[in-house]
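Take a look at the structure below.
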Amino acid sequence: MKTLIAAYSGVLRGTGSSILSALQDLFSVTWLNRAKVEKQLQVISVLQWVLSFLVLGVACSAILMYIFCTDCWLIAVLYFTWLVFDWNTPKKGGRRSQWVRNWAVWRYFRDYFPIQLVKTHNLLTTRNYILGYHPHGIMGLGAFCNFSTEATEVSKKFPGIRPYLATLAGNFRMPVLREYLMSGGICPVNRDTIDYLLSKNGSGNAIIIVVGGAAESLSSMPGKNAVTLRNRKGFVKLALRHGADLVPTYSFGENEVYKQVIFEEGSWGRWVQKKFQKYIGFAPCIFHGRGLFSSDTWGLVPYSKPITTVVGEPITIPKLEHPTQQDIDLYHTMYMEALVKLFDKHKTKFGLPETEILEVN
């Protein structure tokens, strides 16, 4: 009898140990799966933005044209009718949605790289600002995440400041895409819009202009820190006309997230790119990132490299209704010097050697 009880107790002890071991294994597997799920959500959040950037406008235009030819044609008619009445809304700052800017998807977007926003000085709510964003990279992912979403808490870091990321006006002629962009506080990068925001929208406005534009995107490649700025003076003239302070802003890592085929000057590839840039406003780039399920394959998902956007010290700009070329050149030079100084001050903090030099073209 004692032998049976001892054996039974041994089985129970063995069973308990086995169950405990199984539970530990289960929690361990669950944790691993959760981490993998989290990573895939990050990848998907980035991919949806990339696809939106590349094809959403064209896809929605095609779908609406198709709807015109179906029994649901009235839906397309109503949308285009409303579009006519709403056509100038982007020029007045659009329709910012705090709900959209706070979507959880943007936090996954942020954590994929990760992206962070570094504040070096306060921005006063009694002033307006033009932030020159450098470099463009392939898609300006840091500019979007930091200023068109609340993922990096831009509104908390700069309380009372309304950021407006300026992008190609052609994007706002695309149905549905225009609504998506406006909800994040994105506006057209043209004189009418900037004049309105800096003169008829009160104070506390910060317009983010990717100064290098399409030309700069053509030279974007890992390991290269170069900006197209020397002959870009239009944003300085606008700042002078409205008395808006200039703020140099540099994103370390923006050029690291995609690899691009760089065509040499004089080649047929560069000729095609420049023609597109001249007549359409953007330059088609041949680039690649990683695949959706593996970092060892090619795809549209950017590589997960850190992007750190540093917002520098504002340069106080006087209001001159008719600035002279001498005025423009003076403040443009001050801006270039401030940008180089900002780069040199922070470069070693974000993985660059002390000998690294910012190339200003």
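Here Glu321 fulfils each of the conditions (1) modelled with pLDDT of 95 or more; (2) closer than 21 Å to Ile130 by Cβ apart from (1).
Looking at Ser267, Ser251, just one residue is at pLDDT 85 or above and among the polar types (S, T, N, Q), and that residue is Ser251.
Given the options Ser9, Ser18, name the one that is open to solvent by 50 Å² or more (accessible area, probe 1.4 Å), of a type in the set (Ser, Thr, Tyr) and at pLDDT below 90. First the steps, then the outcome.
Numbers: Ser9 fails: open to solvent by 50 Å² or more (accessible area, probe 1.4 Å).
Going through Ser9, Ser18 in turn, the sole match is Ser18.
Only a single item in (1) closer than 21 Å to Pro114 by Cα; (2) open to solvent by less than 30 Å² (accessible area, probe 1.4 Å); (3) charged (D, E, K, R) is not met by Arg178, and it is number (1).
Screening Tyr108 against (1) buried (at least 22 other Cβ atoms within 10 Å of the Cβ); (2) farther than 22 Å from Phe235 by Cα leaves a single unmet condition, (1).
Examine segment 205-222 for a residue that is open to solvent by 40 Å² or more (accessible area, probe 1.4 Å) and within 27 Å of Val360 (Cα to Cα), and state whether such a residue exists. Steps first, please.
Of the residues in segment 205-222, the ones open to solvent by 40 Å² or more (accessible area, probe 1.4 Å) are 221-222.
This time we only want the ones that are within 27 Å of Val360 (Cα to Cα), so: 221-222.
Scanning segment 205-222, I find at least one residue that is open to solvent by 40 Å² or more (accessible area, probe 1.4 Å) and within 27 Å of Val360 (Cα to Cα), so the answer is yes.
Among the residues examined, Glu354 qualifies as of a type in the set (D, E, K, R) and part of a loop (DSSP other than H, G, I, E, B).
Taking the criterion of being closer than 18 Å to Lys237 by Cα, out of contact with any helix residue (DSSP H, G or I) (no Cβ under 7 Å at 6 or more places or on another chain) and either among the aromatic types (Phe, Trp, Tyr) or in contact (Cβ under 8 Å) with a residue 60 or more places away in the chain (or both), the only residue of segment 185-199 that qualifies is Leu197.
Which residues, counting only those in segment 216-242, are touching a residue at least 24 places away in the same chain (Cβ under 8 Å), of a type outside the set (Ser, Thr, Tyr) and assigned to a helix (DSSP H, G or I)?
Just the residues of segment 216-242 that are touching a residue at least 24 places away in the same chain (Cβ under 8 Å), to begin with: 216-230, 233, 235-242.
If we keep only those that are of a type outside the set (Ser, Thr, Tyr) as well, we get 216, 218, 221-227, 229-230, 233, 235-242.
Within segment 216-242, Glu216, Phe235, Val236, Lys237, Leu238, Ala239, Leu240, Arg241, His242 qualify.
Looking only at segment 312-328, residues that are surrounded by 13 or more Cβ atoms within 10 Å (Cβ to Cβ) and more than 26 Å from the chain's Cα centre (by Cα) come to 5 in all. Residues in segment 159-209 that are more than 29 Å from Met65 (Cβ to Cβ), part of a helix (DSSP H, G or I) and out of contact with any strand residue (DSSP E or B) (no Cβ under 7 Å at 6 or more places or on another chain): Arg191, Asp195, Tyr196, Ser199. Any idea how many residues of segment 335-361 are closer than 20 Å to His121 by Cα, among the aliphatic types (A, V, I, L, M) and in contact (Cβ under 8 Å) with a residue 24 or more places away in the chain? Total satisfying the criteria: 4. Taking segment 246-262 as the range and being surrounded by 20 or more Cβ atoms within 10 Å (Cβ to Cβ) and in a strand (DSSP E or B) as the test, the residues that pass are Leu246, Val247, Pro248, Thr249, Tyr250, Ser251, Phe252. Number of residues in segment 139-166 that are within 25 Å of Asp344 (Cβ to Cβ), surrounded by fewer than 22 Cβ atoms within 10 Å (Cβ to Cβ) and aliphatic (A, V, I, L, M): the value is 0. Scanning segment 272-322 for residues that are closer than 26 Å to Asn205 by Cα and of a type in the set (Lys, Arg) returns a single hit, Lys319.
Considering each residue of segment 263-294, count those that are open to solvent by less than 70 Å² (accessible area, probe 1.4 Å) and not in a helix (DSSP H, G or I), and give that number. Steps first, please.
Step one: list which residues in segment 263-294 are open to solvent by less than 70 Å² (accessible area, probe 1.4 Å), which gives 263, 267, 269-270, 272-273, 277, 281, 283-285, 287-292, 294.
From what is left, the residues that are not in a helix (DSSP H, G or I) are 263, 267, 281, 283-285, 287-292, 294.
Selection size over segment 263-294: 13.
Would you confirm whether any residue within segment 275-288 is modelled with pLDDT of 85 or more and in contact with a Phe, Trp or Tyr (Cβ under 9 Å, 6 or more places away or on another chain)? Yes, because at least one residue in segment 275-288 is modelled with pLDDT of 85 or more and in contact with a Phe, Trp or Tyr (Cβ under 9 Å, 6 or more places away or on another chain).
The values are calculated or read from the model by the stated rules, or taken from the named source; none is laboratory data. Everything numeric here is computed off the predicted structure, so don't read it as measured data. Please note: Cβ atoms are built from the backbone with ideal geometry, for glycine as well, and neighbour counts cover all protein chains shown. Keep in mind that these areas ignore ligands, DNA and RNA; they rest on the heavy atoms of the full protein, side chains included. Shrake-Rupley method; radii C 1.70, N 1.55, O 1.52, S 1.80 Å.
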